[in-house]
Amino acid sequence: MKRLTIFVFLVLILSLTFPINLEKSKELFLYYINNFETSNDDEFLSNTRNSINTFLPIYRYYKIELVGSVEKTDVSKKIGDYLNVIYKQNISNDYTTQLARAAFFSYLEASLERKKFEASFIKSSPNFNSFFNSYQSKVIFAARNYLSDLLAKHLGAKINLDGNADIEDAPQYSFEFEYTPKFKEHEFIDEIKIILKDEEIKKNFVNYLEIISKNPERIVPNINRYSGLLQRNVIKSVSNLKNIFSDEFEKTLPKSYNFWWLRWVAYIVLILIAIKSKKWDLVMFIISIVEILYLYIGFDILSNSDATIYGLISFSALLASLIIFIKNKKFLEISLIALLLISFVIPTYYTKDFHMKNLKEFENSPYFTELINDVLKDKYSKFSNIVRELTTIANSSIIETEDIIKRLSINLNNFTEKIKDPEYKSVKNFDGRVNDFKALTTEFSNYQIEEKIREKQFKKAENNLEKFTKKVAKISSDAFENEFLKEIQNDLNFEEISPTVKKVNETIKNTRDLEKIPIQFYRTKFGILTFVFLSLGFFLTSLKSKNSIIWNIAATLSSILMLINPIIFFVQSGVPLITFNYIIVIPILLVISIIILIRSFKPIKG
């Protein structure tokens, strides 16, 4: 009950006194959510929507194409980190507005990740943390400066404090000393007034005053020291605001419900009825109809749970049906499954719309800069690793070559001195002379072996750089190529490695653009659905079930929808779907669907 009272008190204070008006912030948060998909008048919302729905998928597609989907950074990036690129472009000086935006970006993150928008998620969101850490640090800094000035004033310094925030019953001393006021963050005076009501801060303030007063010779150094100790209590007091903010925004969002999960309960009931009534065909018919409707209407291509469930079901069904067809020597069906599997590597579509050279608006977006940073400048990127390997090998070769020449020069001087000695040239010193030159020969031999190894390693790294350069030249824009060449020039900027730089420039110049971007069927919404329908259709066909025709009809319909421009493209989980037009299509799945549908009307002989 006590904790609830404190919580209500803090929320009330926040609403009435802080620069952050929590109630207004929550209203703005709901406005953002309700108008995100439709508003064109609000510049913040329209820019954010365009960046997320258009530029974010493009950024992730090219990041994956150029370096792969595995993030090799200090901390693995998540959807919140991708959204942070936009968040940083929309910082408001008004704390109420910025809190609403931070919560809104947390909501977008939860929505894209298909997770619940709850307090624990909000507190872990990079954008919410970005706002709160900045806000918190400013409040703490302001509070420390104010407490330092307040200690000085109570000890006798002749200074005026803005806002007249004070600690009741704190003793007043009259020491004379020089003190320069520190507090200048007047916009946080309301937060400071609340902080000064904290019982622990009040108690420690009085104790520290008494301690400082006992050593008047060191008043100013002790003021600095004990205001720093008070800061610890301030941090504890301010950090509780994070819990208040996240709890309030969680309660602000209206609850949404998804009742599709109830179909699993219905399936269990239907199966129990079938066990008792033996009407398996009817039960399977009902389940098939409901599942097909769900896949068309309710299936979420961005949901990890949906992807996992239907991925396992589809591949398991396809494998089981293949085994049954092989056992029964059904060569047509075996050939169709083989063709379906081959279609995973044969592109279904070719498009020009998705080539970076045709995405001029993308080059003006913050995600283009992010792509350059990720691909070319990040120290863990594939490109950086190749460049680092090249420079390491080249430097090693240069150092070892210079070193052996120095040793050769030293040895030559030693031989020059030795040759002057008749005893060294004596017939009694054959072994001595042989051993001297043998040691030198061994040293040269080791150098040659190591240098050959370095040459092989360098050529391998250079070959990797050439492959990467060709990929950049084929699919990127002129602006990206220029940034790439700039990084090459900066990173390989020494004469000994200039032939490699020249090769890179020639590769960029001589490599033709990829005119059409190939897209596999499983990167599109209806391509995925067609595969699911075909897999289950094959399985039921292998079991000689009459219900196979329902799935084969669904597969044929879905494969026809695959041909309708624009197609819905799936980049990766957590990233919005994007549409584009294709110029060429290879309708392998449509052919398979039609053949298996026709085959469904002809009973399979056991």
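The values are calculated or read from the model by the stated rules, or taken from the named source; none is laboratory data. What you are looking at is a predicted structure, and each value in this text was computed from that prediction instead of being measured. Here Cβ is always computed from backbone atoms with ideal geometry, including for glycine, and neighbour counts include all displayed protein chains. Note: accessible area is taken over every heavy atom of the protein model, side chains too, but ligands, DNA and RNA are not part of it. Shrake-Rupley method; radii C 1.70, N 1.55, O 1.52, S 1.80 Å.
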Residue check, Leu340 against (1) surrounded by fewer than 17 Cβ atoms within 10 Å (Cβ to Cβ); (2) touching a residue at least 24 places away in the same chain (Cβ under 8 Å); (3) more than 30 Å from Leu56 (Cα to Cα), all met but one. Which one? (1)
I'd like to check something: does the range 246-269 contain any residue that is aromatic (Phe, Trp, Tyr), crowded, with 17+ Cβ neighbours inside 10 Å and assigned to a helix (DSSP H, G or I)? yes
Output the residues belonging to the range 347-360 that are open to solvent by 60 Å² or more (accessible area, probe 1.4 Å) and either more than 15 Å from Tyr61 (Cβ to Cβ) or of a type outside the set (Asp, Glu) (or both). Lys352, Asn358, Lys360
Applying the selection to the range 475-515, what residues are among the charged types (D, E, K, R), under 24 Å from Tyr61 (Cβ atoms) and assigned to a helix (DSSP H, G or I)? Asp478, Glu481, Glu483, Lys486, Glu487
Name, by its number, the condition in (1) open to solvent by less than 30 Å² (accessible area, probe 1.4 Å); (2) in contact with a Phe, Trp or Tyr (Cβ under 6 Å, 6 or more places away or on another chain); (3) assigned by the TED database to the domain that holds Asn145 that does not hold for Val238. (2)
Residue satisfying all of: in the range 489-519; touching a residue at least 60 places away in the same chain (Cβ under 8 Å) and open to solvent by less than 40 Å² (accessible area, probe 1.4 Å); nearest to Ile560 (Cα to Cα) among these: Ile519
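Let's see how each residue does on (1) in the same structural domain as Tyr61 (by the TED database); (2) among the basic types (Lys, Arg); (3) over 21 Å from Arg523 (Cα atoms):
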site	(1), (2), (3)
Ala320	no, no, yes
Phe325	no, no, yes
Asn328	no, no, yes
Ala338	no, no, no
Thr348	no, no, no
Lys360	no, yes, yes
Glu363	no, no, yes
Tyr367	no, no, yes
Limited to the range 183-197, what total is found for residues that are surrounded by fewer than 19 Cβ atoms within 10 Å (Cβ to Cβ) and in a loop (DSSP other than H, G, I, E, B)? 3
Can you find a residue in the range 569-581 that is open to solvent by 50 Å² or more (accessible area, probe 1.4 Å), touching a Lys or Arg at 6+ places or on another chain (Cβ under 7 Å) and not assigned by the TED database to the domain that holds Ser51? yes
The helices (runs of 4 or more DSSP H) lying entirely within the range 293-396 that contain at least 3 residues which are at pLDDT 90 or above and of a type in the set (Gly, Ala, Ser) are 304-328
Looking only at residues in the range 216-225 that are modelled with pLDDT of 90 or more and in contact with a Leu (Cβ under 9 Å, 6 or more places away or on another chain), which one is nearest to Ile195 (Cα to Cα)? Ile223
Pairs please, first residue from the range 256-270 and more than 16 Å from Val283 (Cα to Cα), second anywhere and open to solvent by less than 70 Å² (accessible area, probe 1.4 Å) and not in a helix (DSSP H, G or I), Cβ atoms under 7 Å, 6+ apart in sequence or on different chains. Trp260/Gly298
Can you name the number of the only condition in (1) under 15 Å from Leu340 (Cα atoms); (2) open to solvent by 20 Å² or more (accessible area, probe 1.4 Å); (3) at pLDDT 95 or above that Ala555 fails? (2)
Among the helices (runs of 4 or more DSSP H) contained in the range 64-162, which hold 2 or more residues that are aromatic (Phe, Trp, Tyr) and either surrounded by 19 or more Cβ atoms within 10 Å (Cβ to Cβ) or out of contact with any Gly (no Cβ under 8 Å at 6 or more places or on another chain) (or both)? 79-87, 95-113, 126-155
